[in-house]
Amino acid sequence: MGICFSSDQPNDPTPTPTATATVTPGTSHSDTTSGSYSSNTTTTTTTTSSSSTSSGGNSINSSLSSFSVGSSIGYGQILATSNLRVFTFAELKSATKNFRADTLLGEGGFGKVFRGWLDSTTVAVKKLNSEGYQGLEEWQSEIHFLGRLSHPNLVKLLGYCYEGTELLLVYEYMQKGSLENHLFGRGAAVQPLPWDLRLKIAIGAASGLSFLHTSDREIIYRDFKASNILLDGSYNAKISDFGLAKLGPSASQSHLSTAVMGTLGYAAPEYMQTGHLYVKSDVYGFGVVLVEILTGLRAVDANRPTGFHNLTDWIKPHLQDRRKLKNVMDRQLGDKYPIKAALPVAKLASKCLAPEPKMRPSMKEVLEDLKGIQASTNRTVVVNPN
């Protein structure tokens, strides 16, 4: 997908978009394939004024005013104002050693992500590709959402920079990288995830999505996938990349009508076919990731035989039957997983993949089910980050 914008930037630290989105269904929006951002970070923050996070009539921030100020939801909170630090480009250039190649963590449609060091704290710095078309509205959306959302299972946005044509975002650094890399990466540095950690990660990601869906004004994440789930040193899952997030429909609406954006294989069928976006469109994406966690198979893989490229086209019958499920479980797990837990997880994934949104469970129900499955096997895992 691409987003065009003017190179003539205004003085407001958060520029106003000047063009519309180009629809390219199936293009990945992830900005880092192995994306590492960090936990255990502390940094001095300065509160930005409302004018510094406003972008005029199209501002997502104006919609965020519909949230209850400072409201708390479960373990999360919607802050009254964003607590984001405004960095200078010189600061971030120095922090990343002039964006040196050996600090590069990943690259995607938005641009490149670099590791940096600020006040002895490791951070991840996402830098917009100034020659690309994608990024301006996503950059704004990231600030307006993550600037006010606080939850243990959402990646923490620390601040941003806007100088001339330079647009950057600064995040906590996540030591273990992305779930995608752990499931599908290759090489000696990539260790297979044991069952207990897979379930822990699924629960963490579900908790983050449930928080978004149960806020005063529902938030639809819109691009849930394995590469957007990042892991800290203890393998706590945190959802990253809010560039496509949308406020959910009002009480009088069932859905939003939007241009189709997202990633092929994860996007819900009703959204791909009609552009109608529901809160439960996210639940479908979660179901796809849950199947990836179980099977170690990518949502879309052109290297598989014809008819098997798209995982959800053929996997559903295997999710309901114990014997069939064993045949598709990730080979890296071997037999080191409890089938009495794997089967209910698979059946839950099948419910999430229901063709109609109303047939899918809510993320709150999904979270409760996953916690129940974990408790039933007494397999709660605590990881020492050291």
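Listed values, structure above:
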quantity	calculated
Only one of LEU199, LEU212, LEU157 that is touching a Leu at 6+ places or on another chain (Cβ under 9 Å), in contact (Cβ under 8 Å) with a residue 40 or more places away in the chain, surrounded by 23 or more Cβ atoms within 10 Å (Cβ to Cβ) and not assigned by TED's automatic domain parsing to the domain that holds GLU368	LEU157
Residue tally, condition farther than 22 Å from LEU179 by Cβ and either outside any strand (DSSP E or B) or modelled with pLDDT under 95 (or both), over the range 103-117	1
Tally of residues being charged (D, E, K, R) and modelled with pLDDT under 90 across the range 242-270	0
Some residue of the range 135-142 being under 15 Å from the mean Cα position of the chain (by Cα), assigned by TED's automatic domain parsing to the domain that holds VAL291 and of a type in the set (Ser, Thr, Tyr)	no
Matching residues in the range 359-373 - criterion: being assigned to a helix (DSSP H, G or I) and under 23 Å from the mean Cα position of the chain (by Cα)	MET363, LYS364, GLU365, VAL366, LEU367, GLU368, ASP369, LEU370, LYS371
Members of the range 314-354 that are within 16 Å of VAL289 (Cα to Cα) and not in a helix (DSSP H, G or I)	ILE315, MET329, ASP330, LEU353, ALA354
Checklist (1) free of Cβ contacts under 8 Å to residues at least 40 places away in the same chain; (2) more than 18 Å from ARG217 (Cα to Cα) applied to VAL291, failing item	(1)
Filtered residues of the range 129-146 (kept if buried (at least 23 other Cβ atoms within 10 Å of the Cβ) and modelled with pLDDT of 80 or more)	GLU138, TRP139, GLN140, GLU142, ILE143, HIS144, PHE145, LEU146
Whichever residue in the range 237-274 is farther than 23 Å from GLN140 by Cβ and of a type in the set (A, V, I, L, M) and, among such residues, is nearest to the chain's Cα centre (by Cα)	ALA237
Test: MET261 is closer than 27 Å to GLU218 by Cβ, touching a residue at least 12 places away in the same chain (Cβ under 8 Å) and not in a helix (DSSP H, G or I)	yes
Leading residue by the ranking (nearest to the chain's Cα centre (by Cα)) among those in the range 148-186 that are of a type in the set (Gly, Ala, Ser) and part of a loop (DSSP other than H, G, I, E, B)	GLY177
Some residue of the range 279-296 being assigned to a loop (DSSP other than H, G, I, E, B), in the same structural domain as CYS352 (by TED's automatic domain parsing), of a type outside the set (Phe, Trp, Tyr) and buried (at least 23 other Cβ atoms within 10 Å of the Cβ)	no
Hits in the range 232-258 (condition: part of a strand (DSSP E or B), farther than 25 Å from VAL170 by Cβ and of a type outside the set (Gly, Ala, Ser))	LEU256
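The values are calculated or read from the model by the stated rules, or taken from the named source; none is laboratory data. As the structure is a prediction and not an experimental result, all values here were calculated from the model. Ideal geometry is used to build each Cβ from the backbone, glycine not excepted, and the neighbour counts take in all protein chains shown.
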